[in-house]
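Report on one structure; see the data block that follows.
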Amino acid sequence: MKIEGQYDAKKIEDKIYKLWEDSGFFNPDNLPPASAKARARRRKPFTIIMPPTNANGNLHAGHALVMTIEDIMIRYKRMRGFKALWLPGLDHAGFETQVVYEKKLEKEGRSRFKMAPEELYKEILQFTLENKKNIESQIKSLGASCDWSREKFTLDAEIIKIVYETFEKLYNDGLVYRGKKIINWCAKHQTSLSDLETENTEKIDKLYYLKYGPFTIATARPETKFGDKYVVVHPKDSRYKAYAQGQKIALEWINGPVEATVIKDESIDMDFGTGTMTITPWHDAIDFGIAERHGLDKQPIIDFQGKLLPIAGEFVGMKIDEARPKIIEKLQSKGLVEKIEENYKHVVKTCYKCNTLIEPQVKEQWFLKMKPLAAPAIRAIQKNQVIFIPNHYKKIILHWLESILDWPLSRQVVWGIKIPAWHHEPICIPKKGHEKNIVHCKQIIISPIKPKCEFCDAKFVQDPDVFDTWFSSGQWPFAALAANHNAKDFKTFYPTDVMETAGEIIFFWVARMIMLGLYATKKIPFKYVYLHGLVLDAKGQKMSKSKGNVINPLEITEKYGTDALRIGLIMGNTPGQSLALDENKIKGYRNFSNKIWNASRFVLINLQDYNPTKKASLNALQKKHIKELKKLAKETTILMDDFKFYIAGEKIYHYFWHTFCDKIIEESKSALAKKGKEKQAAQYILLQILSDCLKMLHPFMPFITEEIYQQLSRLPSNRGSSTKSGPIKDKKQLLMISEWPK
RNA sequence: GGGCGGUUAGCUCAAUUGGUAGAGCGCGAAAUUGACGUUUUCGAGGCAAUAGGUUCGAAUCCUAUACCGCCCACCA
């Protein structure tokens, strides 16, 4: 007997993965009918599109959870006889990757602002492609049974093509528009960000009460006040009823006399400060709103580097932090500071990547109108056409969709999919011989390739921006299936069955996939959304490099085996709930692996002379065991269908260890020592129960179970035998495609 | 300001949906060259955050309260 007393995961994992890969069964087109009865069922597809993994580093614990949950689902369904497709993908991850790469550049003493965009793009591409290979092999090492022949990358030409088609359609439908609106600007990364990409941070500042003619205004940002020429009060505020809308007032301000105009607007909070404020529409979202409503002028005060513009007079070129105290000093010397409130607590927006204070700016950008896209999504969710697991996410997503704002799509980074928009001069430059025909043609053309003006020689210049990476990710389920003109795949596998991803990105991604999927394909891209929680460290703390508590899943698998990590991530992990990953827990499941190994070893040793052709006559107790096994299979099946892997896993675990090992194996020992019928029956029972357990454990612990199953198939009784009793038929039969116990 | 969760054994979490609370880890005691010491057996440990209510029956449903966490939000 080659099989040894201690299970050594390292010895078998690569070998087993290769066995699966070579079998071709990751590709649903190659799957044989699981059994005669299941022949019809195999035609039924079951599809999961893997959330494209960021190709900019290593897999972390969260990825390990994704791979495990999804692999469990897909292996289970494959064994149930479905045409199971798990389509893997990798993500160029736009801004995220650029940020990672910029950090690398910084370490090398370089800067992206000193590089030509094409050069930077090339370097990041190189970096991403290297990481892509790395990530792929890491995904494999976790046992993911995904169809690599259908793998997609978010920068594949075919994917980009689909993204462009959607963009053009949205544009033609009037849902995409170019607008000069206020956006979130990160001065460090030199790009605009969506609201989701900013964080609200509590900050303690000073609140300055400044004399503005007859008014007193309260502000935390005196440096934006240079151009303020509108003073706003609430129309119902009796304190200011002497002032009329539009009334002009001459007053002395920071850099000399200005003429202010009184504006009355309902958005003013009468209880805040003095109930009066001046507005800076260029650098504040509320102020921008007021200016839009009243048709007021807007002008920039701060540039995109975060420095004051010439309007600031003597303060020009200064950074905000530097300028603020100096401005206050000057205001004080002019007697314009009434008081300063210390410890003013307020919430500011910061960049989610670098915590830099967001400077709102007005910028021309591409926007997507969200209300018309959200409406059908809301209806579909309310009608439960897509089911959320856990259920409370339904409320969360509806709440977000109901108050959705337009989505700024452009990003000023190089790493991403270029926006297929081309800008043209306002007036055509006439071609030779057509000088008399002055034509005003389209200033913007949406086209994947460089367009030509039919009237003139003016050149079209491509929009320099790229898409928010979530705009393309939002189309992933249908794009990944329909790419390469694969109408057949699209027809067979779309809409998909389950989208499994982190609860964290429900707005970023899930909501947008539903909206864009509905828009582009008229169908919700998936039937179920399964959301998992965060993977935390053993103490329940969020993992972070700075805290030094990051658990590398690959180190864990190295130590305890992939199967131990997998089942350790599943047990006790309910959907949506965050999970504390304790190494001791994984160690416990390593012990379980070993238990499986040794129980199997016992069976193998005692079945060398087993003859499966003889009918086993079972005693009452043994019949009870079989009954109990069937009951377990039935219950487990229900739980698996219900996405309750944590309970299913625990049930099988418990049965295997405390019923099969502790009771049934122990009971069998005396019978095995005998000869004839009694021994035969004991052997039959052991084999039957072990192989069914291996099947039920397989989705959770694929490597060890497959290895043992292969060993069982090499029992003398099975070599070349065509018996129908027991699961072992042919050497080529893999546990991976065996039929789930009934 | 609005929304969503959570509070169950020392720790981390369950309970197939209303039927006298269970796992893993940890802890205590014992066994032993047995498939497995990464083992086996036995054991201790819970007025379910609090206060009410509905019910024959509540960890589970309802109403408050208190903590903890998360998300959304244009009080300058």
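The numbers here are math on the coordinates, done by the rules we state, and not lab data. This structure is a prediction, so every number in the text was calculated from the model and none was measured. Positions of Cβ are backbone-derived with ideal geometry, glycine not excepted, and every protein chain shown enters the neighbour counts.
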- Relative contact order computed over segment A:65-154 (Cα-Cα under 8 Å; 6+ residues apart), in percent: 55 percent
- Note on the structure: Residues meeting the amide H criterion for A:I263 (H placed from the backbone, H to H distance under 5 Å, 5 or more places apart or on another chain) are A:V231, A:V232, A:V233, A:G246
- Item | Over 18 Å (Cα to Cα) - which of A:K211/A:K248; A:K114/A:K418; A:K631/A:K651; A:K229/A:K298; A:K634/A:K695 fall in this group | A:K114/A:K418
- Item | At R0 = 22 Å, FRET efficiency that the Cβ-Cβ distance of A:L129 and A:E168 yields, to 0.05 | 0.20
- Message: Taking the Cα centre as origin and putting +1 on Lys and Arg beta-carbons and -1 on Asp and Glu beta-carbons, what dipole magnitude results for chain A, to the nearest 20 debye?
- Response: 3620 debye
- Query: Hey, fewest Cβ within 10 Å first, where do A:I685, A:I387 land in order?
  - Reply: A:I387, A:I685
- Note on the structure: chain A: antiparallel bridges as % of DSSP beta bridges, rounded to 5, reads 70 percent
- Task: Find the relative contact order for segment A:633-703 and round it to a whole percent, using C-alpha pairs within less than 8 Å whose residues are 6+ positions apart.
- Result: 30 percent
- Karplus (6.51, -1.76, 1.60) ³J(HN,Hα), θ = phi - 60°, over segment A:676-688, in Hz, Gly and Pro reported as x: x, 4, 4, 5, 4, 5, 5, 5, 4, 4, 4, 5, 4
- Exposed loop GluC sites (Glu not before Pro) only (DSSP loop, at most 12 other Cβ atoms within 10 Å): please give the longest stretch of chain A free of them, not including the sites. A:455-742
- What is the P(r) of segment A:451-496, as percent of Cα-Cα pairs per 5 Å bin from 0? 5, 17, 15, 11, 11, 11, 13, 10, 5, 1
- Compute the length gained on full extension between A:S137 and A:Q462: take 0.36 nm times their separation in residues and subtract their Cα-Cα distance, giving the result in nm to one decimal. 113.3 nm
- Assigning unit charges at the beta carbon (Lys, Arg +1; Asp, Glu -1) and nothing else, what dipole magnitude in debye, to the nearest 20, does segment A:296-366 show about its Cα centre? 140 debye
- Task: Could you give the C-alpha radius of gyration of chain A expressed as a fraction of 2.2 N^0.38 Å, taking N as the number of residues it contains?
- Result: 1.21
- Note on the structure: Placing +1 on each Lys and Arg Cβ and -1 on each Asp and Glu Cβ in chain A, then taking the dipole about the Cα centre, the residue among A:T636, A:A144, A:I302 whose Cα reaches farthest towards the positive end is A:T636
- Item | Cα lying deepest toward the dipole's positive end in segment A:530-675, options A:N594, A:T659, A:A671, charges on Cβ | A:A671
- Query: Taking neighbour counts of Cβ atoms within 10 Å as a proxy for exposure, in what order, fewest first, do A:D297, A:D228, A:D463 appear?
  - Reply: A:D297, A:D463, A:D228
- Convex hull per residue volume in Å³, alpha carbons only, for segment A:285-329: 96 Å³
- Query: Counting only residues 5 or more places away or on other chains, whose amide H sits under 5 Å from the amide H of A:F526 once H atoms are built in the peptide plane?
  - Reply: A:T496
- Message: As I understand it, the value is the acute angle between the Cα axis of helix A:61-79 and the longest principal axis of the Cα atoms of chain A; what does it come to in degrees, rounded to 10?
- Response: 50 degrees
- Query: Roughly what % of Cα-Cα distances in segment A:542-681 sit above 28 Å, to the whole percent?
  - Reply: 35 percent
- Task: Quote the Stokes-Einstein diffusion coefficient, in whole µm² s⁻¹, for segment A:340-382, based on the Kirkwood radius over alpha carbon pairs, a temperature of 37 °C and a viscosity of 0.692 mPa s.
- Result: 223 µm²/s
- Message: Show me, for segment A:298-305, the HN-Hα J-couplings you get by feeding each phi into the Karplus relation (A = 6.51, B = -1.76, C = 1.60, θ = phi - 60°), rounded to Hz, glycine and proline as x.
- Response: 10, 8, x, 10, 10, 8, 6, 8
- Note on the structure: With the 8 Å Cα cutoff and a minimum separation of six or more residues, chain A has a relative contact order in percent of 15 percent
- Message: Output the 0 to 90 degree angle, nearest 10, between the alpha-carbon long axis of helix A:94-107 and the longest principal axis computed from the alpha carbons of chain A.
- Response: 80 degrees
- FRET E, pair A:R110, A:N619, Förster distance 60 Å, beta-carbon r, rounded to 0.05: 0.20
- Links exceeding 29 Å between C-alpha atoms in this model, out of A:K371/A:K442; A:K225/A:K345; A:K236/A:K345; A:K83/A:K132; A:K104/A:K307; A:K107/A:K206, come to A:K107/A:K206
- Note on the structure: Filtering chymotrypsin sites (Phe, Trp or Tyr not before Pro) in segment A:320-390 by DSSP loop and by at most 12 other Cβ atoms within 10 Å leaves none
- Query: Can you put A:V414, A:V337 in order, fewest other beta carbons within 10 Å first?
  - Reply: A:V337, A:V414
- Count neighbours as other Cβ atoms within 10 Å of each site's Cβ, and list the trypsin sites (Lys or Arg not before Pro) in segment A:175-263 that are DSSP loop with at most 11 such neighbours. A:K236, A:K241
- Task: Within the set of other residues whose C-beta is less than 13 Å from the C-beta of A:L632, count the net charge using Lys and Arg as +1 and Asp and Glu as -1.
- Result: +4
- Query: Which angle between 0 and 90 degrees, to the nearest 10, do you get for helix A:620-641 versus the longest principal axis of chain A when only C-alpha atoms count?
  - Reply: 20 degrees
- So what is the calculated 222 nm ellipticity per residue for chain A, using -39500 (n - 2.57) for each DSSP H run with n of 4 or more, over all residues, to the nearest 500 deg cm²/dmol? -12000 deg cm²/dmol
- Message: I'd like to know which of A:M543, A:P575, A:M499 lies farthest towards the positive end of the charge dipole of segment A:497-582, counting +1 on Cβ of Lys and Arg and -1 on Cβ of Asp and Glu.
- Response: A:M499
- Message: Given Cβ point charges of +1 (Lys, Arg) and -1 (Asp, Glu) and nothing else, what value in debye, to the nearest 20, does the dipole of segment A:505-589 about its Cα centre take?
- Response: 400 debye
- Item | Qualifying chymotrypsin sites (Phe, Trp or Tyr not before Pro) for segment A:234-309 [loop in DSSP, other Cβ within 10 Å: at most 16] | A:F272, A:F304
